[in-house]
Structures are given as C-alpha cells and as structure tokens.
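The values are calculated or read from the model by the stated rules, or taken from the named source; none is laboratory data. Treat the numbers as computed from the prediction; the structure is a model and nothing was measured. Every residue, glycine among them, receives a Cβ derived from its backbone with ideal geometry; neighbour counts consider all protein chains shown.
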Amino acid sequence: MNLRPSSIVGLLLATVALGCHPAAAETMSGALSRAYSNNPDVNQARAAVRAQDETVPQAKAGWLPKANAQGTYGRQFSRSTNTFGQNGSDQKFTANPTSGTVTVTQTLFDGMRTANGVDAAESGVLAARESLRGQEITTLQQGATYYMDVLRDTAVLGLRRNNVKVLQVQLQQTRDRFQVGEVTRTDVAQAESSLASGTADVSVAEANLQASIANFRRVIGVEPKQLQPAQPIEKLLPATLDLAVATGLTQNPSVIGALHQVDVAEDQVKVNEGALLPQLGVQAQVQNSNDTSGYPGYGLYTASVVGVLNVPIYQGGSEYAAVRQSKEKLGQARLAVEAARYQVRSEVITTWNALQSARATIASFQAAVRAAEIALTGVREEAKVGQRTTLDVLNQEQALLNARVQLVQAQRDRVVFSYNVMAAIGRLTAANLGLGVMAYDPNHHYDATKNRFFGLSTPDGR
C-alpha cells in the first residue's frame, strides 16, 4: 500500500468515519449547536443567572409593606379570697382568653439602602450574564477544539497504520533480498526495528484518538460520527492585531463582567453607609382580645397608627467596619478589572500570533511533504541498484511520515487557533457563528421575576 501523502491527508481530513452511514455525518456547526443547546456546563450557568435574577425582587422588598398576624388562645383560672371582717368572701373565675393582632409596617426612608441594594442586585444580574456568556464561549471553543482533535487524531492514526503496512512490505522485501545475499542481517534487523516502532506508534495514536473522542462526547454530548471538514473562521476576525486587542478589551465577558462587579461594589458601599442614616417608617396595628385578665366577657379592641423614627447613634462600631470593608472590596474590584484587561490582551496577542504561525507552517509542511515524496522515490530507486542502504530507505520513510503528521497538525491548528482568537476577543457566540439555534435570552426569566412578590413556583412551573 503506497498512497500519495496528499491523497491520504485529504481523505482523512475530508471525512472521519467512525462506524456510521454518510447520512449521519456531523458538521462543525451541528456539533457546536448541540453543545450550545445541551452542554451541562452551559445549562448550569444559565440556572445560575436565573437564581441571580431572584436577588432583584429580594432587594425591592425593602420598598413594600410588611404585614404579620399573631393570635393567642388559652385557659385561665383565677381565685380571690378575702378573710378580713366578719363576712369573708371567696371568688373564682374561669376564662378562655383569646387575642388577635395584625401589624403592618411601611418603611418611608431607610438611608437609601433599598434603592442602592436594588442597583447592586441589577448589576449582579448583568455580571452573571457575562459569566454565562463566558461559559458559552468556553464551551464553543472547547467544542471546536475537540472536533478538530478527533479529525487530527483519526488522520494521524490512518497515517501510522498505513506506515505499518509499508514497513511490513519493506521488511518482507528486505528478508527476500537477505535470502539471495543482496543485504546483510543488519538490514533485516533495522527493518524489524522500524516495524516494531511503527506498531507502537499506532497504539499511541489509538489512545490519543480515544481521549479526543471522550472529550468530544463530554462537550458535544454525542459520539463523533463521520465528521466533515471544518474551515477556519478567519473572515470573522478583525483585520489587524490592534483591532483584535481593542475588540477584546471592550467585548470580552471577563472584562465586562469585572466592570459590573465594580458597580456592585460601589452600590454595596452606599448600602453600608445607609446604616448610619436615620430610618423613618409607619406602623399600623389592630388588636382584639376577649376574656382577658381572667374575667369572662371582658373585651378590648385597640387600633393605632404611629410613626417610627430610628436615629442610630452608636452600635459598637460594626457599621463603620462594614463601610471600610466594602470600600476595600471596591478597590479590589477595580484592580480585578485591570487584571482582566491584562489577561485579555495577553490572550488575544498569543492566539493571534499562533494563528499566523499555523497559517505560515501549512505551506511549509506541504512543501516538506512534496520534497519528502520525491526523496523517498529516489532513495528507493537508488537502493535497488545498491547505492542506498535499507536504513536510508527507512529513514526517508520516517521523514515523510513526520512531514505528513506535521501537516495534519498544522491544518488542525489553523482552524482551532482561529476559534481561539474569536473567543479571546469575546465574539465566539452562536449568533456570530451562524449556528441557527434558538438563542437563550436571559431577559425572559428576568422580566418574569423582577417584580414578582408572591408565589413559590418558578416561571417554568417548577
């Protein structure tokens, strides 16, 4: 078996048959659509955003009245004795005292703690959405990487299996030539050694493929079956590195999320400072009691509306410590923004240059494969007339195999690195990739819960 390298690589990268029919072929877009819709890490992040949404009505509760009811019921026995004077007296009373109280409290001013708390909750929701967007980007990036890993490892496995077949033919030819005295026992040993090494390489390639399949299954959710070729997405990238860096600094979810966390920290400072301000509220109470004080038939009804003013003077200093602590956390949040920007800049530059390197190496490895092809043909012909040794042939076959593997790796890298750049600038989304899936909109849940102050079930009925 002596396929040309171009035909081998083209065949293996064009379709990866893993035990299925052509009708079940998988494309990159289809695989990424599966990951976007069904990946458990993405769905878990979406659930985290929905949970964060509930902090908004919790914060708004400070604007609403608080009402509670209290009731009591019991049995009371009373006895009074008078032993003074000639006529003593002894009185006994049995009653069932009951009472009911309804209290309604409305805060009028709480030092702006509720208003700032609502702002903090809303900023927290926006930060959680950026965290979700980051998880979606990471999942799509992993999906593209493992998709190409399966293609690459299948191609490499095919190349190494083909190499074993070539080495088996080479060994048989060397043994035949040894029988007629054209080569020495050393030549046979060299051919046997190369075959043994090639067989070991097949085992390694099989293990690598199984690992890539497992990763694919973990992210995409299904086994890879007849993967179709994938193209790099360079046309979706900015034209220059400077534009890519600028885009990453403004669109990467880690930067935007860090900015929202700064807003949360600023609002939390105001919330804690509000604890030092006066608080004003109104309390209304209605109470009805019967058979109180042990006297049957005795009733009492009261109703009151009072204003309550609370002026904090000194509570041990905990409020001051809370304000100082929140200011330090605000400083920490601002530093986190700078750290995120440095990280994004580094990722964009690194992935951009890796992509450029992969593009350049493909042409080099294609030239290397062509040159190794020609060289192998010449070495084999020279070996037939005794101008080359068996070792020369084996070395040239190994050089050709290495060039083929490097070409496959470079082709894989170009596609993967284009997705990596897209992820680094924060634009690796289902919409930008045109996946054709229904986009998850966190606004639906937020709008259903932001002003919901009654009920235990979630909007989806749970």
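Data for the structure
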read-out	value
Criterion violated by residue 375 - all others in (1) surrounded by fewer than 19 Cβ atoms within 10 Å (Cβ to Cβ); (2) modelled with pLDDT of 95 or more; (3) not polar (S, T, N, Q) satisfied	(2)
Condition broken by residue 210, with the remaining ones in (1) in contact with a strand residue (DSSP E or B) (Cβ under 8 Å, 6 or more places away or on another chain); (2) under 18 Å from residue 159 (Cα atoms); (3) surrounded by fewer than 19 Cβ atoms within 10 Å (Cβ to Cβ) satisfied	(1)
Pair list, Cβ under 7 Å, 6 or more apart: region 182-205 residue free of Cβ contacts under 8 Å to residues at least 12 places away in the same chain, other residue not basic (Lys, Arg)	185/178
Within region 331-344, tally of residues that are over 20 Å from the mean Cα position of the chain (by Cα) and either farther than 17 Å from residue 267 by Cα or not small (Gly, Ala, Ser) (or both)	5
Test: residue in region 310-329 that is surrounded by 14 or more Cβ atoms within 10 Å (Cβ to Cβ) and either closer than 30 Å to residue 73 by Cα or hydrophobic (A, V, I, L, M, F, W, C) (or both)	yes
Residue in region 431-449 that is touching a Gly at 6+ places or on another chain (Cβ under 7 Å), at pLDDT 85 or above and outside any helix (DSSP H, G or I) present	no
Qualifying residue in region 136-154 (condition: touching a residue at least 24 places away in the same chain (Cβ under 8 Å), within 30 Å of residue 266 (Cβ to Cβ), in a helix (DSSP H, G or I) and not charged (D, E, K, R))	yes
Region 102-154, subset polar (S, T, N, Q) and under 30 Å from residue 302 (Cα atoms), residue surrounded by the most Cβ atoms within 10 Å (Cβ to Cβ)	107
Pair list, Cβ under 7 Å, 6 or more apart: region 427-447 residue at negative phi, other residue among the acidic types (Asp, Glu)	429/136; 445/53; 446/53
Neighbours by Cβ (under 6 Å, 6+ apart or cross-chain): first from region 219-236, touching a residue at least 12 places away in the same chain (Cβ under 8 Å) and surrounded by 14 or more Cβ atoms within 10 Å (Cβ to Cβ); second assigned to a loop (DSSP other than H, G, I, E, B) and of a type in the set (A, V, I, L, M)	224/18; 225/18; 226/17; 226/25; 228/25
Any hit, region 434-442, residues being surrounded by 13 or more Cβ atoms within 10 Å (Cβ to Cβ) and within 30 Å of residue 158 (Cα to Cα)	no
Residue satisfying condition, being more than 30 Å from residue 247 (Cβ to Cβ), modelled with pLDDT under 90 and either touching a strand residue (DSSP E or B) at 6+ places or on another chain (Cβ under 9 Å) or in a helix (DSSP H, G or I) (or both), within set 388, 380	380
Checklist (1) among the acidic types (Asp, Glu); (2) closer than 25 Å to residue 242 by Cβ; (3) surrounded by fewer than 16 Cβ atoms within 10 Å (Cβ to Cβ) applied to residue 347, failing item	(3)
Test: residue 246 is surrounded by fewer than 19 Cβ atoms within 10 Å (Cβ to Cβ), within 17 Å of residue 347 (Cα to Cα), more than 20 Å from the chain's Cα centre (by Cα) and among the small types (Gly, Ala, Ser)	yes
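Results for (1) of a type in the set (Val, Ile, Thr); (2) part of a helix (DSSP H, G or I); (3) within 30 Å of residue 132 (Cβ to Cβ), shown as yes or no for each residue.
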{"site": "266", "(1), (2), (3)": "no, yes, yes"}
{"site": "315", "(1), (2), (3)": "no, no, no"}
{"site": "339", "(1), (2), (3)": "no, yes, yes"}
{"site": "344", "(1), (2), (3)": "yes, yes, yes"}
{"site": "357", "(1), (2), (3)": "no, yes, no"}
